[in-house]
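Encoded as structure tokens, the structure appears first; notes follow it.
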Amino acid sequence: MNKCKLLSIAGLLALGLTFGVNFAQAQAGSLDPAFGTGGTVTTNFGGVSVSPLTAIEQSNGNIAVVTALGNGVPGDEDFALVRYTSNGTLIGTTRAAFFNDGINSPIAVAVQSNGNIVVAGTASGTNQPSVFAVARFTPSGQLDPSFGNDGLVTTDISGTLPSVTAVTVQLNGQIVVGGASGSGRRHVPPNTVLVRYNSNGSLDTTFGKGGIVQEPTAVGAPLAMAQLSNGDYLAVTGNQLTPETGVVVEFSSTGVLQSTVTPATVVASSPSTPELVNPVIFQPNGDYIWAETVGNGFQRTAVEAFRFNETGVADPSFSSTKITFGGQKVNEPQAIALQANGQIVVGGMSGLARLNSNGQLDTTFGGGGSLATFHVTGLLIQTDGKIVAIGSSGTDLALARYFAN
């Protein structure tokens, strides 16, 4: 190599050191040192309980995390939105409570096209039974006064112990919340509940009965929902799901349960919902991916993922690989996210793993396809492809950002 080439390389290296450029290719699954401290961020809220759900990336690159935050009293918690800059610096926290001194539990998150953040869950207060509860935050992190009552909406659902499990936002701004309510009778499965709201938070009275559908013969609590190009909705549950068959039903655009499922393109879907044992996520073609806990020897568990088409038939071309997060003994999935290239990231109680689009473990990620970290409840794939894991470490809210390739 001649002297000029040596000087040129030396100059590039010096330039990289000056401006913090890393010319070496970062390994997929390695922490991004430009985020927080060495790739991680932790936030303590005075020792109160924290139950993170997931996060979204805002149009300016900021990261908004949705979590439940305690109030220092057992069982007493609020919805909360915690915002960070793109490099992990805390911006601020906004709380939302439907009932003072009550249980306000966020369960599912979706984002509207204008950047508004919709958070759905349940709420109850003293002598007040549980209701479906929806809060909407503006991109600046404040409750949206144009939605419901200063940003908050509650809906009474008949039946026992109503619970929210999924939410999706339509292209027209309407919001569909899915969940279940008990029948109050022994050995009778819960009703599937769908509620559709207009963009301002009012019930859409053209849907179901006054905006509410309660179907006793459907699938119980939907773990995931999708709106199809024909206007209908798919709802997936895990109550009877096995590796050989899926449980999925279709509702019409007005909320009527259909006798069969008609394949169509997905135009809107719910992100995978934390707090559930078996996370599910839809692919754009209508297929959905399901992850579950399986046995892996004496006192050991692993994670296994399966793919189904819209009608609930298992895809035999999708490999069902047993996953352990960094070699941990106990593994449970709680989040799934899709990368733009079709790869699938799974997060759980003890770490992350990445699958190729055919279900095989991506051995280039982390240590042979997985890595151990804190308790992961949510995943964010940024527009630049980087992977943000959201979860908890003790009483701290925890985030970690990893290189995707």
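Tabulated results
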{"quantity": "Residue-normalised accessible area of the chain, given per residue in Å² at a 1.4 Å probe", "calculated": "42"}
{"quantity": "Theoretical FRET efficiency, 1/(1+(r/R0)^6), r = Cβ-Cβ of residue 259 and residue 146, R0 35 Å, to 0.05", "calculated": "0.35"}
{"quantity": "Gyration tensor over alpha-carbon atoms, the chain, equivalent ellipsoid semi-axes in Å", "calculated": "36, 26, 20"}
{"quantity": "Expected-Rg normalisation [2.2 N^0.38 Å, Cα atoms] applied to segment 116-175", "calculated": "1.19"}
{"quantity": "Radius ratio Rg over Rh of segment 222-360, counting only Cα atoms, Kirkwood formula for Rh", "calculated": "0.98"}
{"quantity": "Distance (nanometres) between label positions extended 7 Å along Cα→Cβ at residue 317 and residue 187", "calculated": "4.4"}
{"quantity": "Share of carbon and sulfur in the accessible heavy-atom surface of the chain [1.4 Å probe, %]", "calculated": "53"}
{"quantity": "Diffusion coefficient, µm² s⁻¹, Stokes-Einstein with Kirkwood Rh over alpha-carbon pairs of segment 248-315 at 4 °C and 1.567 mPa s", "calculated": "94"}
{"quantity": "Given charges at beta-carbon only (K, R positive; D, E negative), |dipole| of segment 304-405 in Debye", "calculated": "180"}
{"quantity": "Potential extension, residue 113-residue 285 segment - 0.36 nm per residue separation minus Cα distance", "calculated": "59.9 nm"}
{"quantity": "Relative compactness, segment 325-397, computed as alpha-carbon Rg over 2.2 N^0.38 Å", "calculated": "1.04"}
{"quantity": "√(5λ) per eigenvalue of the Cα gyration tensor, segment 18-140, largest first, Å", "calculated": "33, 16, 11"}
{"quantity": "Per-selection Kirkwood Rh - segment 81-160 (Cα, Å, 1 d.p.)", "calculated": "13.4"}
{"quantity": "Share of alpha-carbon pairs per 5 Å distance bin for segment 82-225, given as whole %", "calculated": "2, 10, 19, 22, 20, 14, 8, 4, 2, 1, 0"}
{"quantity": "Sorted peptide list for 31-41, 211-221, criterion being average Cβ within 10 angstrom, highest first", "calculated": "211-221, 31-41"}
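The values are calculated or read from the model by the stated rules, or taken from the named source; none is laboratory data. Predicted model, so just to flag it, every value in this text is computed and none were measured. Because the Cβ atoms are built from the backbone with ideal geometry, glycine has one as well, and the counts that use them run over all protein chains shown. What goes into the accessible areas is simple: the full protein's heavy atoms, side chains included, and nothing from ligands, DNA or RNA. Shrake-Rupley method; radii C 1.70, N 1.55, O 1.52, S 1.80 Å.
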